[in-house]
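J.: What follows is a structure written as structure tokens; I'll ask about it next.
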Amino acid sequence: MHRSDGSRGLHYPHSANLLDVDAEHLSTKTLLAIEGLHAKGDTQEILRGVDLQVGSGEIHAIMGPNGSGKSTLVKVLLGNPAYTVTAGTIVYKGKDITAWPTDERAKAGIFMAHQDPEAISGVPVIQLLRQAMSARKQMDLSVLEVRVAMMEWMKRLDMDPSFAERHLNEGFSGGEKKRNEILQMAMLEPDLAILDETDSGLDVDALKIVARGIKTIRDSRPNLAVVLITHYQRILEEVTPDKVHLFIDGRIVSSDGPELAAKLEQEGYESWRNSLALIGDTGA
Ligand SMILES: Nc1ncnc2c1ncn2[C@@H]1O[C@H](COP(=O)(O)OP(=O)(O)OP(=O)(O)O)[C@@H](O)[C@H]1O
Ligand SMILES: [Mg+2]
């Protein structure tokens, strides 16, 4: 298929897919396709052949033991320079973004909530959000516009309005940090959100608020794809995944429906590791 603008095949017309407003036509498409992804940190290989496909509007969960490389995958997906991709590709909206810098990925609609969000002293939350939103929407938003949208979401997420003026994550409690990540996700209107243990460290009420927040965001933007990295089934009871993936030793070794989450939480990861070792398929 050739387009009049010269773009070919599965590639979307350039420019259009870099903005959230054009997400609708992607509804039945693969949004993210990771193939054979290998990446290393300083020396050691951490990702050892990750394959994952996420369609627009889909919810995926990734579960797996501590140290298996889940957070590394998140960092590599956002182009963190501490990691080097040694093989494989990351294709997003039909474009190979494997070598793209972080800010380009964010502008194109990829959002990450990190497991341990960093504090940035001296910069109020509202100012950072204004910068990020202006970059994402490619227009200069006023403080007032950002404040109005922010207050609305803070109310929904049961956050104290004083947050807007506080410095990012400085002195935030564990739960406050996680809520703040959801606030950013709501306001940046991504097409793909990857949430790394956003449910960890939350009390029962806060977990419900965060889960409800994710659902509300997605209800207002049904094409939003969400990848939840978690150790607990609980959040998946609130935000039902289309697919659950088991991540062991740097790659996805099994994928299934939501029932896999229950099974993993009940049986633990050891039995899987053992059966993988038996068939000589540990990826070592
Ligand atoms: N920059 C780096 N250089 C070297 N090793 C690293 C680097 N980053 C992470 N690692 C190692 O890679 C492994 C995977 O770490 P990662 O944080 O991705 O695990 P995880 O699956 O997210 O674990 P958890 O469930 O505990 O969050 C760990 O052994 C970690 O120490
Ligand atoms: Mg992690």
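J.: Given Ala186, Ala164, Ala211, which one is within 16 Å of Ala106 (Cβ to Cβ) and more than 16 Å from ligand 1 (Cβ to nearest atom)?
T.: Ala186
J.: On the given criteria, is Ala193 modelled with pLDDT of 90 or more, among the small types (Gly, Ala, Ser) and in a helix (DSSP H, G or I)?
T.: For Ala193, the condition - modelled with pLDDT of 90 or more, among the small types (Gly, Ala, Ser) and in a helix (DSSP H, G or I) - is not met.
J.: Now for a separate question. State all residues of segment 231-264 that are more than 19 Å from the chain's Cα centre (by Cα), surrounded by fewer than 16 Cβ atoms within 10 Å (Cβ to Cβ) and among the acidic types (Asp, Glu); if no residue qualifies, say none.
T.: Asp256, Glu259
J.: If you take the residues in segment 125-152 that are touching a residue at least 60 places away in the same chain (Cβ under 8 Å) and part of a helix (DSSP H, G or I), which one is surrounded by the most Cβ atoms within 10 Å (Cβ to Cβ)?
T.: Residue satisfying both the conditions and the ranking: Arg136.
J.: Taking the condition of being over 14 Å from Ala39 (Cα atoms), of a type outside the set (A, V, I, L, M, F, W, C) and either buried (at least 22 other Cβ atoms within 10 Å of the Cβ) or more than 9 Å from ligand 1 (Cβ to nearest atom) (or both), how many residues in segment 54-82 meet it?
T.: So the count comes out to 6.
J.: Inspect all residues belonging to segment 86-102 and state whether any of them is within 14 Å of the chain's Cα centre (by Cα), surrounded by fewer than 17 Cβ atoms within 10 Å (Cβ to Cβ), more than 27 Å from Leu264 (Cα to Cα) and modelled with pLDDT under 95.
T.: Yes, segment 86-102 contains at least one residue that is within 14 Å of the chain's Cα centre (by Cα), surrounded by fewer than 17 Cβ atoms within 10 Å (Cβ to Cβ), more than 27 Å from Leu264 (Cα to Cα) and modelled with pLDDT under 95.
J.: Let me ask you something else. For the subset of segment 65-81 comprising residues that are among the hydroxyl-bearing types (Ser, Thr, Tyr) and outside any loop (DSSP other than H, G, I, E, B), which member is farthest from ligand 2 (Cβ to nearest atom)?
T.: This residue is Thr72.
J.: Just give me the residues in segment 83-130 being among the polar types (S, T, N, Q) and under 28 Å from Gly57 (Cβ atoms), in sequence order.
T.: Thr89, Thr98, Thr102, Gln115
J.: Is there any pair linking a residue in segment 57-72 that is within 14 Å of Leu260 (Cα to Cα) to one that is assigned to a loop (DSSP other than H, G, I, E, B) and near ligand 1 (Cβ under 9 Å from one of its atoms), with Cβ under 8 Å and at least six apart or on different chains, and which?
T.: Met63/His231
J.: If you scan segment 82-110, which residues turn out to be assigned to a loop (DSSP other than H, G, I, E, B) and either within 16 Å of ligand 2 (Cβ to nearest atom) or on the phi < 0 side of the Ramachandran plot (or both)?
T.: Ala82, Tyr83, Ile97, Thr98, Ala99, Trp100, Pro101, Ala108
J.: Separate question: Answer yes or no: is there a residue in segment 251-259 that is touching a helix residue (DSSP H, G or I) at 6+ places or on another chain (Cβ under 9 Å), more than 16 Å from ligand 1 (Cβ to nearest atom) and in a loop (DSSP other than H, G, I, E, B).
T.: Taking every residue of segment 251-259 in turn, at least one turns out to be touching a helix residue (DSSP H, G or I) at 6+ places or on another chain (Cβ under 9 Å), more than 16 Å from ligand 1 (Cβ to nearest atom) and in a loop (DSSP other than H, G, I, E, B).
J.: I've got another one for you. Given the criteria assigned to a loop (DSSP other than H, G, I, E, B) and hydrophobic (A, V, I, L, M, F, W, C), does Leu228 qualify?
T.: It is false that Leu228 is assigned to a loop (DSSP other than H, G, I, E, B) and hydrophobic (A, V, I, L, M, F, W, C).
J.: For the subset of segment 159-170 comprising residues that are in contact (Cβ under 8 Å) with a residue 40 or more places away in the chain and part of a loop (DSSP other than H, G, I, E, B), which member is farthest from the chain's Cα centre (by Cα)?
T.: Restricting to residues being in contact (Cβ under 8 Å) with a residue 40 or more places away in the chain and part of a loop (DSSP other than H, G, I, E, B), the top hit is Arg166.
J.: Could you grab me the full set of residues in segment 192-244 that are over 30 Å from Gly94 (Cα atoms), within 16 Å of ligand 2 (Cβ to nearest atom) and charged (D, E, K, R)?
T.: Once the filter is applied, which keeps residues that are over 30 Å from Gly94 (Cα atoms), within 16 Å of ligand 2 (Cβ to nearest atom) and charged (D, E, K, R), segment 192-244 yields only Asp199.
The values are calculated or read from the model by the stated rules, or taken from the named source; none is laboratory data. In this text the structure is predicted, and so the values were computed from the model without any measurement. Note: ideal-geometry Cβ built from the backbone for every residue, glycine included; neighbour counts use all protein chains shown.
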